Protein chains: 2
Amino acid sequence: MKMSEGVEWALHCCLTLAWLEGEGPVPTSKLAAAFDLPAHYLNKFLQNLARAGILSSTAGSRGGFRLAKRPESITLLEIVNAVEGDEWGFRCTEIRQRGAGCHAAKSDFSRPCGIAAAMRRAEDAWRRELAAQTVADLVRTAPPSGTQRMRRWYADQAR
Amino acid sequence: MKMSEGVEWALHCCLTLAWLEGEGPVPTSKLAAAFDLPAHYLNKFLQNLARAGILSSTAGSRGGFRLAKRPESITLLEIVNAVEGDEWGFRCTEIRQRGAGCHAAKSDFSRPCGIAAAMRRAEDAWRRELAAQTVADLVRTAPPSGTQRMRRWYADQAR
């Protein structure tokens, strides 16, 4: 199983926006500079987060992104799904119905494939764990030095 | 998170080889025909399973693959790892140390990133679930019609 780099970027941006609450909208260029990321490419993921209702965006010269909900209402699962989509990681293409199975009665396949069911149980466990953790948990467990550094850096940018 | 089609193929081949235990080595061409898969491409995954100690391969005109261990000793996690590798799906590239973090003391980052830790907790839950399920469980929960169909099909191939 593989996840795109956008997941790491999106999670760090959400945590950063939680730290910078009260500073007004944060432009993509600043979020990109905060982690030395390509702004145009990062913007694609920020737009995904906005479409998912995790961020709200404001247009204009003082525009940018902020969290659209309270940090304790944003789960890691929502962020991952916004970037990666919510399809199953294991893709069942029903190969049991091909080859040796191609002449079998359709009713033989009315129950879901046991292999797909087993793989989905594992993905459900993964989703449950991600759904149980929020941006507020990330804020709570981050070292104070990280929070302070980001706030200081952002204040310096505004000078 | 996304998995390659090889995971579905490898799981079905392992289940099939459990069903066909006692039939001797099953050639790649037959496993490919059983699911209408491209033999050359499937063989790559079967070799991965052999390298991981899940299958044993026999060369020669009557050669092929069989399970290298008892079905109850082969977990779904081993099969998935043999195909996909065992790296984390979430890749932490330590972007916290870039941009705003690039001049911070290295000691600020001595604890693992909280975001990576949270994502890995979820992957651990996924791994635990896959490690708790074996090929023997797939055999036990498969419908008898599937087992019989595959055995009959394989016997017909030998004629």
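The values are calculated or read from the model by the stated rules, or taken from the named source; none is laboratory data. Being a predicted model, the structure only gives us computed values, none of them experimental. Virtual Cβ from ideal backbone geometry, glycine too; neighbours counted across all protein chains shown. Each accessible area value is taken on the protein alone, full model and side chains, heavy atoms only, with ligands, DNA and RNA left out. Shrake-Rupley method; radii C 1.70, N 1.55, O 1.52, S 1.80 Å.
The table below lists the values:
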item: Residues of the range A:80-101 satisfying the condition of being farther than 27 Å from A:Val135 by Cβ, more than 7 Å from chain B (Cβ to nearest Cβ) and surrounded by fewer than 14 Cβ atoms within 10 Å (Cβ to Cβ); result: A:Glu94
item: Given (1) buried (at least 18 other Cβ atoms within 10 Å of the Cβ); (2) within 27 Å of A:Thr16 (Cβ to Cβ); (3) at pLDDT 95 or above, index of the condition A:Ala132 fails; result: (1)
item: Residue in the range A:104-126 that is of a type in the set (Ser, Thr, Tyr), surrounded by 13 or more Cβ atoms within 10 Å (Cβ to Cβ), more than 9 Å from every other protein chain (Cβ to nearest Cβ) and out of contact with any Cys (no Cβ under 9 Å at 6 or more places or on another chain) present; result: no
item: Every residue from the range A:49-66 that is surrounded by fewer than 19 Cβ atoms within 10 Å (Cβ to Cβ) and more than 29 Å from B:Trp126 (Cα to Cα); result: A:Ser56, A:Ser57, A:Thr58, A:Ala59, A:Gly60, A:Ser61, A:Arg62, A:Gly63, A:Arg66
item: Options A:Phe45, A:Phe65; residue that is touching a strand residue (DSSP E or B) at 6+ places or on another chain (Cβ under 8 Å) and closer than 24 Å to B:Cys102 by Cα; result: A:Phe65
item: Filtered residues of the range A:4-45 (kept if more than 10 Å from the chain's Cα centre (by Cα) and of a type in the set (A, V, I, L, M)); result: A:Leu15, A:Leu17, A:Ala18, A:Leu20, A:Val26, A:Leu31, A:Ala32, A:Ala33, A:Ala34, A:Leu37, A:Ala39, A:Leu42
item: Residues of the range A:1-24 classified as polar (S, T, N, Q) and open to solvent by less than 30 Å² (accessible area, probe 1.4 Å), total; result: 1
item: Qualifying residues in the range A:132-157 (those that are in a loop (DSSP other than H, G, I, E, B) and at the interface with chain B (Cβ under 7 Å from one of its Cβ atoms)) - the one nearest to A:Ile54 (Cα to Cα); result: A:Gln133
item: Scope the range A:1-33; condition at the interface with another protein chain (Cβ under 10 Å from one of its Cβ atoms) and among the acidic types (Asp, Glu); matching residues; result: A:Glu5, A:Glu8
item: Residue match in the range A:44-67 (condition: under 30 Å from B:Leu17 (Cα atoms) and in a helix (DSSP H, G or I)); result: no
item: Matching residues in the range B:135-159 - criterion: being touching a residue at least 12 places away in the same chain (Cβ under 8 Å) and open to solvent by 80 Å² or more (accessible area, probe 1.4 Å); result: B:Arg151
item: Filter pass, B:Glu72 being at pLDDT 95 or above, out of contact with any strand residue (DSSP E or B) (no Cβ under 7 Å at 6 or more places or on another chain) and assigned to a helix (DSSP H, G or I); result: no
item: Close pairs (8 angstrom Cβ cut-off, 6 or more residues apart or separate chains): hydroxyl-bearing (Ser, Thr, Tyr) in the range A:62-84, open to solvent by 20 Å² or more (accessible area, probe 1.4 Å) and assigned to a loop (DSSP other than H, G, I, E, B) anywhere; result: A:Thr75/A:Ala132
item: Qualifying residue in the range B:102-110 (condition: of a type in the set (S, T, N, Q), at pLDDT below 95 and not in a loop (DSSP other than H, G, I, E, B)); result: yes
item: The range A:6-32: number of residues that are modelled with pLDDT of 95 or more and either under 30 Å from B:Glu8 (Cβ atoms) or outside any helix (DSSP H, G or I) (or both); result: 10
item: Verdict on A:Phe45 being at the interface with chain B (Cβ under 9 Å from one of its Cβ atoms), surrounded by 15 or more Cβ atoms within 10 Å (Cβ to Cβ) and touching a residue at least 12 places away in the same chain (Cβ under 8 Å); result: no
item: Residue list for the range A:25-40, restricted to those being open to solvent by 20 Å² or more (accessible area, probe 1.4 Å) and in contact (Cβ under 8 Å) with a residue 24 or more places away in the chain; result: A:Pro25, A:Pro27, A:Thr28, A:Lys30, A:Ala33
